[in-house]
Every structure is written in structure tokens, then in C-alpha cells.
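The structure appears below as C-alpha cells.
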Amino acid sequence: MKIGDRVEVVAIPDTLPEDMGTRTFFTRCLGRHFPTVDLKGELVELEVGEVVEESSYMHSIWIEREYVRRV
């Protein structure tokens with residue numbers, strides 16, 4: 001996997017906190033495809049702004065590589 005690759009979020013971590021909508025936000029990403037914008041060890045940064053309903057600017061998440069697959 002490299003920066004620029006598109007990946008699909010295939011699962012979300014069980015350890016995500018319930019507060020502040022974190023789990024809900026990650027759940028909205030399930031099954032969707034996003035561009036990889038950075039890599040740090042086992043973590044992948046994805047631009048996921050399209051799942052944010054209240055704004056049009058880009059948001060990103062960091063997620064472990066085991067929860068995404070290249071498409």
C-alpha cells in the first residue's frame with residue numbers, strides 16, 4: 001500500500017470510544033472507498049470528508065491497515 005492508493009474500509013476497531021460520535025463516524029466509513037493520504041507504521045490516514053454531513057471540507061481518520069483493503 002502506498003500514498004494515493006484507494007482503499008475500502010472493511011471493519012472498524014472494537015476499541016473505539018463511544019463518546020463524541022467516534023464509533024458512529026467510523027461506522028459511516030464502512031464499505032466506502034477513500035484515498036490514502038499518509039502512512040505511519042501500521043496506521044493509514046484516509047480522507048473521509050464525504051461522510052461528514054454538516055460540512056464540505058475534508059476530514060481524515062487514522063486506522064490500522066488490517067481494517068482496510070486496497071481497491
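Quick note: the coordinates plus some simple rules give every number you see, no bench work behind them. Predicted model, so just to flag it, every value in this text is computed and none were measured. Positions of Cβ are generated from backbone atoms using ideal geometry, with glycine treated the same way; all protein chains shown enter the neighbour counts.
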* Loop only per DSSP, at most 15 neighbouring Cβ atoms within 10 Å: give me the chymotrypsin sites (Phe, Trp or Tyr not before Pro) in the chain, ordered by residue number. => Y57
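Count neighbours as other Cβ atoms within 10 Å of each site's Cβ, and list the trypsin sites (Lys or Arg not before Pro) in segment 5-71 that are DSSP loop with at most 15 such neighbours. Numbers along the way, then the final one.
Working: sites: R6, R23, R28, R32, K40, R65, R69, R70; in loops: R32.
Answer in residue order: R32.
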